[in-house]
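Trainee: The following block contains the structure, expressed as structure tokens.
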Amino acid sequence: MLLRRMQSLLTRLYDAPVDHDAEDFLISDPRRLREVVGDQSGPLSDEQVFVVQEEGGVRIGLFIDERVIERLERRDPLSALDERNLHDFCTALEGVSHFHYLIWSLARGRPVSLLELELQAEVDKYATALALITQQRAGAFPSSLHARMFGGVSFLPQLDEISRRRYEEANRHAARYCRSLDQRYLHPRRSRPEQWLAELRRFFRCGHQEKIRQLAV
């Protein structure tokens, strides 16, 4: 039920329900993933959404490594999110975000670029972690979270140059956007969490080009 609960965080945060449950599309065994998508060069990442062309349509699935899920089940981030489970939480939430945003967009006939998926996932990880920690700490704002999540990020060594640039761009844009939201809406002296939420929901519904135009300002 862990992924279902994590997907519910996104559904409530963005008021964006979808008709499909990420847990129902989950593969957690790397061997099974290789059977579905074929062998890939280098080690697999701990999470990925895959789309496989099949006769009569496509197959969509979500892979999150079973070790990540097992660790999160031992240290439930929805009860206590901290340094011990933050990395695994972000790994799983990224996969759930990709799945949720892809399904939400496809249901509306909207094309989705890889950069858009990565950008939205970066925002989702920070926003959900921020909301959870603030709630768990009785409203105390986690001022070190932004640097922890966006600073000193490393990427898989097997990434090609195009993929690496896409991840770097998504991280850079999301870091600036989330910092801007913190400063505008969550500053202790002028906290306006309802406007923070409204802005996140508006951004979620923007298309790729509109998101990039906003972030370029």
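Values quoted throughout were computed directly from the atomic coordinates according to the rules given, and no laboratory measurement underlies them. Just so it is clear, the structure is predicted and the values come from calculations on it, not from any experiment. Positions of Cβ are generated from backbone atoms using ideal geometry, with glycine treated the same way; all protein chains shown enter the neighbour counts.
Trainee: Among 101-108, 179-186, 159-166, how do they line up by average Cβ neighbours within 10 Å per residue, starting with the highest?
Mentor: Packing proxy ranking, top to bottom: 101-108, 179-186, 159-166.
Trainee: Most mobile of 94, 55, 118 per a Gaussian network model of the chain (Cα springs, under 10 Å)?
Mentor: Ranking 94, 55, 118 by mean-square fluctuation puts 55 first.
Trainee: Counting only other residues whose beta carbon sits under 13 Å from that of residue 183, what net charge do I get with K and R as +1, D and E as -1?
Mentor: +4
Trainee: Provide the per-residue ³J(HN,Hα) series for the range 45-58, in order, calculated from phi with Karplus coefficients 6.51, -1.76, 1.60 and θ = phi - 60°, each as a whole number of Hz, with x at glycine and proline positions.
Mentor: My calculation for the range 45-58 gives 6, 6, 8, 5, 9, 10, 10, 10, 6, 10, 4, x, x, 10 Hz in order.
Trainee: In degrees from 0 to 90, rounded to the nearest 10, what is the angle of the helix 114-136 Cα long axis to the longest principal axis of the chain?
Mentor: Between the helix axis and the principal axis of the chain, the angle is about 50 degrees.
Trainee: Averaging sequence separations of C-alpha pairs under 8 Å and six or more residues apart, then dividing by the length of the chain, give the relative contact order as a whole percent.
Mentor: Value for the chain: 19 percent.
Trainee: Alpha carbon centre of the range 11-83 versus the range 175-210: separation in Å?
Mentor: 27
Trainee: Size of the dipole of the range 88-217 about the Cα centre, Lys and Arg at +1 and Asp and Glu at -1 on the beta carbon, nothing else charged, in debye to 20?
Mentor: 600
Trainee: Could you tell me what fraction of 2.2 N^0.38 Å the Cα radius of gyration of the range 2-216 comes to, as a two-decimal ratio?
Mentor: 1.01
Trainee: How fast does the range 18-90 diffuse by Stokes-Einstein, in µm²/s, taking the Kirkwood radius from C-alpha pairs at 4 °C and 1.567 mPa s?
Mentor: My calculation gives 94 µm²/s for D.
Trainee: Could you state the principal axis extents of the C-alpha atoms in the range 87-160, from the largest down, to the nearest angstrom?
Mentor: Taking the Cα atoms of the range 87-160, the three principal extents are 40, 33, 16 Å.
Trainee: If r is the Cβ-Cβ distance from residue 1 to residue 187 and R0 is 35 Å, what FRET efficiency results, to the nearest 0.05?
Mentor: It comes out at approximately 0.45.
Trainee: Still on this structure: Taking N as the number of residues in the range 141-208, what is its Cα Rg relative to 2.2 N^0.38 Å?
Mentor: 1.33
Trainee: Quickly estimate the mean residue ellipticity at 222 nm for the chain, helices only: each DSSP H run with n ≥ 4 gives -39500 (n - 2.57), and the total goes over all residues, rounded to 500.
Mentor: So the calculated ellipticity at 222 nm is -18500 deg cm²/dmol.
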